[in-house]
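> I am attaching a structure below and will ask some questions about it afterwards.
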Amino acid sequence: MAERVAFSPVPYPRLRRTVKFMLPLMGLVVIWQLVVVIFDVNPRIFPDVPTVLRAGWGTIADGSLFSHVTASLWRVTVGTVLAILLAVPLGILMGVSRGVSSFLSPLFRFFSVLAGIAWIPIATLWFGYGFGAITFVIFNAVFFVVTYNTLLGVSTIPMPIRHAAASLGTSRWQLLKEVLVPGALPNIVTGIRTGMGFAWRGLIAAEMIATNTGLGYMLFLARDFYRTEVIVFAMIVIGIIWLVLDRLLLAPLERATVERWGMVQRS
Amino acid sequence: MTYAQTIWGMYVRWTTAWPALSAFAPFVPLIALWGFVVWLEIFPRVFLPGPFEVLQTSWSLLYKGILPAYLGDSLVRLAVGAAAGMALAIPLGIFIGLNQRAHDATWPVLLFFQAIGDIAWLPILLVWFGFGLTTMTFVIVYTVMFPVILNTVLGIRSARPELERAAQSLGASRTRILFEVTLPGALPNIITGLRNGLGYGWRALIAAEIIVGTSGIGFLMFDARRAGSVDEIVVGMIVLGILWYIVDSWILAPIERATGERWGLVTT
Amino acid sequence: MKNLSLENLSKTYFDPYAGTTVNAVQDVSLNVDAGDFVAVVGPSGCGKTTILNMIAGFVPISGGRVLVGGKEVKGPGPDRGVVFQSFALFPWKTVAENVTFGPKMRGVGKAERAKIAQEYLALAGLSHAADRYPNELSGGMQQRVGVVRALANNPDVLLMDEPFASVDAQTRMTLQEELTRIWEERRPTIIFITHDVSEAVFLANRVVVLSKGNVLKEVDIDLPRPRSWDRLVEDGDFKALSNKVLQLVRSA
């Protein structure tokens, strides 16, 4: 009853998706240039596309962009990795006991609420201006959010699942490895994504205040000299880096756990 | 062991009698630990003040009227920014959510602008508007807007088709479906977006007050940093924590519970 | 109440994965008299839900026509009430608000709607749950709301798409008995889709067996009414008819 018809599947679905994603952004660049030219916008207020590209090329050519980007990424990496390494075991340890987790969770909620930017003043006081203070801010932003989410993840694993594991003869260690960690993983990943979102913003803010290298510093330095073309370029770089980090690393990771296992969708 | 059990038993009894207590109880040992560390004098006092000093400082800040005034400034900025952000974001989100073409054309742009992040806008805003209220308001509105737009769009687009079918076959017009079915269905997402947006917006406010600052809690903290008075910084942090705790768990979370959870749309 | 007739109804769609067009429904003609109760049974994939979706106007018709009271159907409308397998209650509306949704759309005033709610909730035995939200009810109670929500809008035809498939066995039997009682009292025109043969035989005046998008056979069910499971479960005629339909479905 079903007859075959000529049918060709859509070629290169990945490429098509990328093009579909890039097209509106290209359109935005065109509109930007048109607006600047038509309304004759003062370049001090908003530069046109070629000026920004030239400024961008300048920062690439003299190597300053590279050193700012690597400085920022290095801080994020160190702060985040340290935070995750400490937060996940701690969260699981506390989450194993219902009593401990319900007692301590307000504490971690309180600190995850403070995460990031609010620590800048005291961090600069403790560590001075520079790497230490900024990494501390990032560590903080990620650590409390991930700990709280891990705690939440472990303590919300349904009891029947734990009972099922126990009746299938799992030891304590196996329970941890096979049930508690995978069960909390969606929450952990969500925590990392949220925490890194705060950390990235905290990084930019901290770099504006407390250092002499990094993307935030690049932005703020350009402001001192009213070089809007460098500011706009740096903003675009910041946007692209976070978009790549979030969309190509964190969001797929979250999709692979949270959504695949039938939990909620996020933007 | 028995003492521990007695204390635990008291904790359980009291928190079942007054559930609000469980939000404060864990801070008691934390503050005790803090006081103990300070008493040991491992760190110099200029780096880590004791609980009593912080209490004294907060009392004097309260007494002088600095804390209430700054707190008021911060809250007004946050409220104005959040209201304006929502007023812009929700209609925009509804439009983009309902219109496939608009969605295709704007979604990547929205993601990109969200990725740039509020704080990265500060330098150019300072060039445009100088150090002042406009800059700060812009940053907060910007920050609140994007999570709300993105989540509204998501909520509208993830509407359950059979509910719209049910409404159609009960004779609802398209406008009625929008207001009776699509929007209530998107409400939990919109609230989640608002919660995220306020979370980010509030951090952006602190950063803006630190960098732009003429008043506000962020300014208070950074001014204290310049003067090297660490106890005022700690007061600022505690105030921020409590403030957000109140906003989040006494305003936002109950709304979420009253809508999404009662309707069985959200499980956490 | 009006009659419902399907004239050479067809549905073809393109399956992008297989790269073929599929004829889900082929030339189905069927007449349901005003006040009649017809059940449509068939194995999964026989096109029964597609037929219902076309009658309801949820999916476009590829060929043929659907007539309600002699008037051709275009898109969804309040002349055909639908009861969904997934209940499809509005989670943000209370039980009473769900039941009076249709009248509200027609512009019926508040006082009148309160009366309608009272009447239909009583019919479903749900008067105590008027102010609860659907999420707070059991599956069986939710579907009672689903049924009276459709009825309260006074549709010409009631379309039921495996409405009792997602409730437990005991509740299902109770719901079936309640549905026959409501039908016997009010005589709405009902077309009832199911894959459960004994359900079809228990409820309907006529059972239509579908196979691969076609009507295989129609079987008249002349069991006496009122029907109840207590009596029918051991009834010879009921068993014979169920067996007959079951054989047809299995041969399909």
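> Quick one: 3J(HN,Hα) in Hz for the stretch A:200-207, Karplus 6.51/-1.76/1.60 with θ = phi - 60°, rounded, Gly and Pro as x.
For the stretch A:200-207, the Karplus-derived couplings read 4, 5, x, 4, 4, 4, 5, 5 Hz, x marking Gly and Pro.
> Rounded to the nearest 500, what is chain B's calculated 222 nm mean residue ellipticity when only DSSP H runs of at least 4 contribute -39500 (n - 2.57) each, over all residues?
The helix contribution divided over chain B gives -25000 deg cm²/dmol.
> Expressed as cubic angstrom per residue, what is the convex hull volume of the alpha carbon set of chain C?
For chain C, the hull spanned by Cα atoms encloses 133 Å³ per residue.
> Between C:L246 and A:T18, what is the spin-label point distance in nm, taking each point 7 Å from the Cα along the Cα→C-beta axis?
So the two model labels end up 5.9 nm from each other.
> Another one. Could you compute the FRET efficiency for A:A251 and B:R157, with r as their C-beta to C-beta distance and R0 at 25 Å, rounded to 0.05?
Given R0 = 25 Å and the Cβ-Cβ separation, E is 0.90.
> Run the helix sum for chain C: -39,500 (n - 2.57) per DSSP H stretch of 4+ residues, divided by residue count, reported at 222 nm to the nearest 500 deg cm²/dmol.
Counting only the DSSP helices, I get -11000 deg cm²/dmol.
> Which residues of the stretch A:10-59 end up with at least 40 Å² less accessible area in the presence of all protein chains than when their chain stands alone, using a 1.4 Å probe?
A:K20, A:F21, A:P24, A:L25, A:L28, A:I45
> Of C:Q170, C:L246, C:V147, whose Cα points farthest to the positive end of the dipole of chain C (charges on the beta-carbon: +1 Lys, Arg; -1 Asp, Glu; origin at the Cα centre)?
C:V147
> What FRET efficiency comes out for the pair B:L30/A:L93, r = Cβ-Cβ distance, R0 = 22 Å, nearest 0.05?
E(calc), rounded to 0.05, equals 0.80.
> Of B:Y142, B:L21, B:G213, which is farthest along the charge dipole of chain B in the positive direction, counting Lys and Arg as +1 and Asp and Glu as -1 at C-beta?
In chain B, that residue is B:Y142.
> Let's test the formula: R0 of 51 Å, r as the Cβ-Cβ distance of A:W126 and B:R174. What FRET efficiency results, to the nearest 0.05?
E(calc), rounded to 0.05, equals 0.30.
> Could I ask something else about it? Looking at C:G64, C:A18, C:S29, which one has the Cα that reaches farthest to the positive end of the dipole of the stretch C:5-65 (charges on Cβ: Lys, Arg +1; Asp, Glu -1)?
Ranked along the dipole, the leading option is C:A18.
> Using DSSP to define loop residues, name the chymotrypsin sites (Phe, Trp or Tyr not before Pro) in the stretch C:142-222 whose beta-carbon has at most 12 other beta-carbon atoms within 10 Å.
Here no chymotrypsin sites (Phe, Trp or Tyr not before Pro) fit, given the DSSP loop and packing criteria.
> Taking Cα pairs under 8 Å and at least six residues apart, what relative contact order does chain C come out at, in percent?
This gives 27 percent for chain C.
> Quick one: net charge around B:I96, please, counting Lys, Arg +1 and Asp, Glu -1 for every other residue with C-beta under 11 Å from its C-beta.
+1
> Relative contact order for the stretch A:55-260: what is it in percent, counting Cα pairs under 8 Å that are at least 6 residues apart?
Result for the stretch A:55-260 is 26 percent.
> Rounded to whole Hz and in sequence order, give me ³J(HN,Hα) for the stretch A:136-144 from the Karplus expression 6.51 cos²θ - 1.76 cosθ + 1.60, θ = phi - 60°, writing x for Gly and Pro.
Taking θ as phi minus 60°, the curve returns 4, 4, 5, 3, 4, 4, 7, 4, 5 Hz for the stretch A:136-144.
> Okay, moving on. Starting from the stretch C:1-76, pick out the chymotrypsin sites (Phe, Trp or Tyr not before Pro) whose DSSP state is loop and whose Cβ has at most 11 other Cβ atoms within 10 Å.
C:Y17
> Still on this structure, please answer the following. With charges only on Cβ, +1 for K and R and -1 for D and E, what is the dipole size of the protein assembly as shown about its Cα centre, in debye, rounded to 20?
400 debye
> In whole Å, what is the distance between the alpha-carbon centres of the stretch C:134-171 and the stretch C:1-71?
22 Å
> Taking 28 Å as the cut-off for C-alpha to C-alpha distance, list the pairs among A:K20/C:K212; A:K20/C:K48; C:K48/C:K71 that go past it.
Over 28 Å Cα-Cα: A:K20/C:K212; A:K20/C:K48.
> Further, regarding this structure: For chains C and B, what's the summed buried accessible area, probe 1.4 Å, to the nearest 100 square angstrom?
When C and B are taken together, about 2100 Å² of accessible area is lost.
> Can you tell me the dipole magnitude for chain A around its Cα centre, using point charges on the Cβ only (Lys, Arg +1; Asp, Glu -1), in Debye to the nearest 20?
Computed about the Cα centre, the dipole is about 720 debye.
> Rank by packing, highest mean first: peptides C:23-33, C:71-81, with packing defined as the count of other Cβ atoms within 10 Å averaged across residues.
Highest mean packing first, the order is C:23-33, C:71-81.
> Now for a separate question. Once the protein assembly as shown is represented by equal point scatterers at the alpha-carbon sites, with solvent omitted, what log10 I(q)/I(0) does the Debye formula produce at q = 0.06 Å⁻¹?
Debye curve over Cα of the protein assembly as shown, log10 I(q)/I(0) at q = 0.06 Å⁻¹: -0.52.
> Also, I was wondering about something else. Shielding by partners for C:21-33, please: the mean number of other protein chain Cβ atoms within 10 Å of each residue's Cβ.
1
> What is the local net charge at A:V69, summed over the other residues whose Cβ is closer than 15 Å to its Cβ (Lys, Arg +1; Asp, Glu -1)?
Net of charged neighbours comes to -1.
> Can you send over the carbon and sulfur percentage of the accessible area for the protein assembly as shown, probe radius 1.4 Å, protein chains only?
The C+S portion of the solvent-accessible surface of the protein assembly as shown is 64 percent.
> Right, here's the next one. Of C:G107, C:G19, C:G70, which has the largest mean-square fluctuation in a 10 Å C-alpha GNM of chain C?
Comparing C:G107, C:G19, C:G70 in a Gaussian network model of chain C, the most mobile one is C:G19.
> Something else now. Please list A:117-124, B:249-256, C:155-162, B:52-59 highest first by mean number of surrounding beta-carbon atoms within 10 Å per residue.
Answer by packing, highest mean first, reads A:117-124, C:155-162, B:52-59, B:249-256.
> May I ask for the equivalent-ellipsoid semi-axes of the stretch B:54-263, computed as the square root of five times each C-alpha gyration tensor eigenvalue and listed largest first in whole Å?
39, 20, 11
> Roughly how big is the C-A contact, given as buried accessible area in Å² (both sides, 1.4 Å probe, nearest 100)?
Approximately 700 Å², summed over both chains.
> Considering only protein heavy atoms, what per residue accessible area in square angstrom results for the protein assembly as shown with a 1.4 angstrom probe?
Roughly 46 Å² per residue, with all protein chains present.
> Please list C:S211, B:S173 from largest to smallest accessible area, probe radius 1.4 Å, with all protein chains kept in place.
Listed by decreasing accessible area, they come as B:S173, C:S211.
> Another question about this same structure. If amide hydrogens are placed 1.01 Å from N in the peptide plane, which non-local residues have theirs closer than 5 Å to the one on C:S211?
C:L216
> On to the next question. Using a Cα-Cα cut-off of under 17 Å, which lysines could be cross-linked to C:K244, ignoring same-chain neighbours fewer than 8 residues away?
Those lysines meeting the cut-off are C:K217.
> Shielding of C:80-87 by partners, i.e. mean partner chain Cβ atoms within 10 Å per residue?
Whole-number average of other-chain Cβ neighbours for C:80-87 is 3.
> Just order B:70-80, A:22-32 by mean Cβ neighbour count inside 10 Å, highest at the front, would you?
Packing proxy ranking, top to bottom: B:70-80, A:22-32.
> Further question on the same structure: Cross-link candidates for C:K115: which lysines have Cα within less than 18 Å, leaving aside residues fewer than 8 places away along the same chain?
Hits, sequence-local ones excluded: C:K93, C:K104.
> Can you tell me how much longer the chain between A:M159 and A:R44 gets when fully stretched, taken as 0.36 nm per residue apart minus their C-alpha distance, in nm with one decimal?
Going from the current span to full extension adds 35.2 nm.
> Taking the Cα-to-Cβ direction at C:D15 and at B:F52 and moving 7 Å from each Cα, how far apart do the two end points lie in nm?
A separation of 8.1 nm, rounded to one decimal place.
> Follow-up question, since we're still on this one. Averaged over its residues, how many other protein chain Cβ atoms are within 10 Å of peptide A:213-223's Cβ atoms?
Mean number of neighbouring Cβ atoms from other chains: 2.
The values are calculated or read from the model by the stated rules, or taken from the named source; none is laboratory data. If you're wondering where the values come from, they're calculated on a predicted model, not measured in any experiment. Quick reminder, even Gly has a Cβ in these numbers, built from the backbone with ideal geometry, and neighbours come from all protein chains shown. Only protein heavy atoms, including side chains, enter the accessible area calculation; ligands, DNA and RNA are left aside. Shrake-Rupley method; radii C 1.70, N 1.55, O 1.52, S 1.80 Å.
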